[in-house]
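Derivation of every value follows stated rules applied to the coordinates shown; laboratory data play no part. Keep in mind it's a predicted model, so treat the numbers as computed, not measured. Cβ placement follows ideal geometry from the backbone for every residue including glycine, while neighbour counts extend to all protein chains displayed.
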Amino acid sequence: MNIVIIGAGMGGLTAALALQQQGHQVSVHDRVRELRPAGAALSIWSNGAKILHELGLGRSIEQASGNMEAMRYFNHDGALLTGFSLAPLYGAVGQPACPIARSELQRQLLAAVGHDNVHLGEHCVDFQTDANGVTVSFENGQTRRADLLIVADGTHSRLRDRVAGKTIERRYCGYVNWNVRVPAQDDLAPLDHWDQYIGRHQRVSLMPMGRGGNGEHQPEFYCFFDVPLPLEALDDSGDYRAELRHHFSGWAPEVMRLIERFDPALMARVPIHDIDPLDSLVAERVALLGDAAHAMAPDLGQGGCQAMEDAWVLAKALSEYSDLSGALNAYDQARVDRVSDIILRARKRADMTHGQDPAATDQWYQELAREDGRHIMAGMQKTIEGGPLA
């Protein structure tokens with residue numbers, strides 16, 4: 001089958017690789033002229049890592065990712081609330097998590113798909129379907145003919161409304177995320193721990209993200225800061241260090257050191273949005289995939305993993321059904337409820353973490369002080385085991 005994918009992000013590239021391995025002819029197109037990963041790193045939880053193993057990248061991804069063996073929560077002033085090993089979770093699901101630099105994951109996916117199959121600077125503006133195929137139109141006047149179109153152009157998708165048949169509005173989740181990578185040093189956190197500081201409805205996270213593919217670089221932490229803010233309150237000065245000094249004044253010494261050490265040129269500031277769950281992810285000869293299909297708050301760490309699940313399930317459906325409509329229907333049925341559930345759970349988690357109901361957030365803080373890890377890991381295990389390779 002001849003397949004065109006719009007979007008060369010993690011979802012589009014994973015789909016391209018999975019479909020190539022099924023024997024399909026795939027071309028990937030993206031409007032940008034240079035691929036620059038959105039965000040510093042990606043939490044590939046066990047459900048996503050299992051798919052990368054099936055696609056032949058698991059070993060190299062594990063070698064390039066962070067070694068995350070334990071998890072801790074601290075109060076904003078540095079008092080330990082809870083800490084526990086993640087070994088019981090990994091043992092239960094049969095695969096460790098692989099937090100990794102987005103640039104490294106992108107590099108490995110591009111190499112596996114083949115650079116010749118990825119076309120940059122090609123902005124898809126429309127498509128038309130008929131009984132024999134789909135015609136994909138680009139801003140430069142070029143067209144491509146395919147049997148199937150996959151729309152994987154991210155949370156700001158230009159084509160999602162066309163597939164859904166209605167206008168899909170992005171929804172502000174009420175908080176802003178600053179994310180960056182920093183050299184991993186012991187006075188910030190242990191090199192094998194995921195540490196989080198919480199308080200005042202804000203959050204700071206430090207997660208080990210490895211050394212990169214060649215192993216020659218210093219290991220790094222993936223760090224982010226969350227602050228609930230109205231959009232109109234965002235500072236336009238671009239001085240991220242000053243912003244974070246203001247929002248996190250008086251926090252733990254590790255947080256203050258982190259604010260002074262990051263490179264502002266590497267930092268991204270992102271107002272977090274999601275979309276309401278869609279009733280369907282497909283139309284005639286077209287499938288939505290990744291953030292275009294289910295943009296979600298990052299509070300469950302499942303955005304990238306769900307794109308990988310999409311890719312795997314779609315490729316499997318195309319291999320099992322002789323007719324395209326049957327395959328798309330199977331993909332739709334397998335994914336709609338799964339991603340809808342995760343969108344809503346991530347939204348609920350974001351609200352709780354960031355003080356949408358202050359009493360509920362305060363109760364969560366109190367519960368963490370009594371937590372031994374079992375409840376937290378049970379929630380993670382539920383999410384992981386809902387995937388297609390559980």
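Things to note:
- Pairs linking a residue in segment 349-369 that is touching a residue at least 24 places away in the same chain (Cβ under 8 Å) and under 12 Å from TYR175 (Cβ atoms) to a residue that is among the hydrophobic types (A, V, I, L, M, F, W, C) and part of a loop (DSSP other than H, G, I, E, B), with Cβ atoms under 6 Å and 6 or more positions apart or on different chains, are ALA350/ALA297.
- Applying the condition of being touching an Asp or Glu at 6+ places or on another chain (Cβ under 7 Å) and not in a strand (DSSP E or B) to segment 160-186 and asking which residue is surrounded by the most Cβ atoms within 10 Å (Cβ to Cβ) yields ALA184.
- TYR331 closer than 26 Å to ASP130 by Cα and free of Cβ contacts under 8 Å to residues at least 40 places away in the same chain: no
- Within segment 236-249, being surrounded by 13 or more Cβ atoms within 10 Å (Cβ to Cβ) and either outside any helix (DSSP H, G or I) or touching a Leu at 6+ places or on another chain (Cβ under 6 Å) (or both) holds for one residue alone: PHE248.
- Within segment 178-195, residues that are closer than 16 Å to ARG102 by Cα have Cβ atoms under 8 Å from residues that are assigned to a loop (DSSP other than H, G, I, E, B) and of a type in the set (D, E, K, R) in these pairs: VAL180/ASP263; VAL182/ASP263, counting only partners at least 6 apart in sequence or on another chain.
- ILE150 among the aliphatic types (A, V, I, L, M), in contact (Cβ under 8 Å) with a residue 12 or more places away in the chain, more than 18 Å from GLY9 (Cα to Cα) and in contact with a Leu (Cβ under 9 Å, 6 or more places away or on another chain): no
- Restricting the first member to segment 43-59 and to residues that are under 20 Å from GLN22 (Cα atoms), and the second to residues that are assigned to a loop (DSSP other than H, G, I, E, B), the beta-carbon pairs closer than 6 Å and six or more apart or on different chains are ALA49/GLN95; LYS50/GLN95; LYS50/LEU389.
- Some residue of segment 210-231 being under 30 Å from ALA164 (Cα atoms) and of a type outside the set (Lys, Arg): yes
- From the options ALA330, ALA293, residue that is under 16 Å from LEU148 (Cβ atoms), surrounded by 16 or more Cβ atoms within 10 Å (Cβ to Cβ) and under 18 Å from the mean Cα position of the chain (by Cα): ALA293
- Restricting the first member to segment 232-252 and to residues that are under 25 Å from ALA79 (Cα atoms), and the second to residues that are part of a helix (DSSP H, G or I) and of a type outside the set (Lys, Arg), the beta-carbon pairs closer than 8 Å and six or more apart or on different chains are ARG241/ILE259; ARG241/GLU260; ARG241/PRO264; LEU244/ILE259; ARG245/ILE259; PHE248/VAL255; PHE248/MET256; PHE248/ILE259.
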